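Following: one structure in structure tokens, then a few remarks.
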Amino acid sequence: MKICFIGGGNMATALIGGLLAQGFKASDFSVVEINADNRTRLTADFGVRCGSDLVDGINGCDTIVLAVKPQQLHEVALLLAPLLTGQLLISIAAGIRASDLARWANSTAIVRAMPNTPALIQAGMTGLFALSNVSPAQRSQAEQILAAVGKTLWLQDEVMLDSVTAISGSGPAYVFYLIEAMQAAAMELGFNAADARLLSQETFLGAAKLAIASDDEVAVLRQRVTSKNGTTERALLSLEANHVKQHIISAAHAAAARSAEMGNELGAAT
């Protein structure tokens, strides 16, 4: 598999690094990137071929990863349209629907991917959706690329990518928000900033690892920590009184709604 990345930012960097760790060679990649500093960095870090010319970049590649900002994808797709000869297009641009990308690029060999920022340390979660014309071999290629930076989940309905965006795409920000709150509480309870950070981050890390390792539902794990009339029960009663769980659920619904709105707004380009 020969892969061209259009855009050489953080996510492209993570994917290239993950694929190299899986045994790919630097010669398997090309990167089209307009920023000279990014080209220099990618060549220095990975030894991959980088340039600013689209025609040269996609030459000989059977898979093209569109790693540009959503607002740039329409222009890039129009430039690609007359150059494509059946290559698989993988878009990681949030919000742009596959049907709109297909219209712009005049191609139906399209997979949409919604990775999240933990992909930067190969701990990501990516939702995937393929148009019906994508072959089983191309689906396998897309999965192999995104699995280089974490877990993947195939979706049968593209609208579910809005839900993936709301849960795993935006989800790291929710976790960071809760860690911020725990750090602030720890400092109010007398810890310095460094110790508050350590206590909060390691607690989240350990709890997440326990949830992954256990066959029990997280509700059962929570109940095991919650002794009758104990400190944890008192804390959870405070959270329930302030409807924290419902607020988090409402926040996810708001994110999903905004993802759908972005699809409408960005897809309106002709």
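To keep it simple, each residue is scored yes or no on (1) closer than 28 Å to Gly124 by Cβ; (2) in contact (Cβ under 8 Å) with a residue 12 or more places away in the chain; (3) not hydrophobic (A, V, I, L, M, F, W, C).
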position: Asn192; (1), (2), (3): no, no, yes
position: Leu199; (1), (2), (3): yes, yes, no
position: Leu205; (1), (2), (3): yes, no, no
position: Ala208; (1), (2), (3): yes, no, no
position: Ser227; (1), (2), (3): no, no, yes
position: Arg234; (1), (2), (3): no, no, yes
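One residue stands out in region 1-39 among those that are in a loop (DSSP other than H, G, I, E, B) and aliphatic (A, V, I, L, M): the one that is surrounded by the most Cβ atoms within 10 Å (Cβ to Cβ), namely Met1. If I filter region 125-163 down to residues being open to solvent by less than 20 Å² (accessible area, probe 1.4 Å) and among the β-branched types (Val, Ile, Thr), which single residue comes out as nearest to the chain's Cα centre (by Cα)? Filtering first and then ranking leaves Thr126. In the set Ala44, Ala113, Ala67, Ala109, only one residue is modelled with pLDDT of 95 or more and more than 22 Å from the chain's Cα centre (by Cα); that residue is Ala44. Under the condition of being of a type in the set (Gly, Ala, Ser) and surrounded by 15 or more Cβ atoms within 10 Å (Cβ to Cβ), which residue from region 164-198 is farthest from the chain's Cα centre (by Cα)? Here the residue is Ala186.
Of the residues contained in region 152-161, one or more are found to be more than 30 Å from Leu20 (Cα to Cα) and touching a residue at least 60 places away in the same chain (Cβ under 8 Å). Tell me, yes or no, whether region 130-137 has at least one residue that is assigned to a helix (DSSP H, G or I) and in contact with a helix residue (DSSP H, G or I) (Cβ under 9 Å, 6 or more places away or on another chain). Checking region 130-137: not a single residue is assigned to a helix (DSSP H, G or I) and in contact with a helix residue (DSSP H, G or I) (Cβ under 9 Å, 6 or more places away or on another chain). When region 215-231 is filtered for residues that are open to solvent by less than 100 Å² (accessible area, probe 1.4 Å) and outside any helix (DSSP H, G or I), the ones remaining, listed by number, are Asp216, Thr226, Ser227, Gly230. Checked against the criteria, Gly47 does not count as free of Cβ contacts under 8 Å to residues at least 40 places away in the same chain, farther than 30 Å from Ile167 by Cβ and touching a Gly at 6+ places or on another chain (Cβ under 7 Å).
The values are calculated or read from the model by the stated rules, or taken from the named source; none is laboratory data. Quantities reported herein were computed from a predicted structural model and do not represent experimental measurements. Here the Cβ is made from the backbone with ideal geometry for all residues, glycine too, and neighbour counts use every protein chain on show. When the accessible area is computed, the model is the full protein with side chains, heavy atoms only, and any ligands, DNA or RNA have been set aside. Shrake-Rupley method; radii C 1.70, N 1.55, O 1.52, S 1.80 Å.
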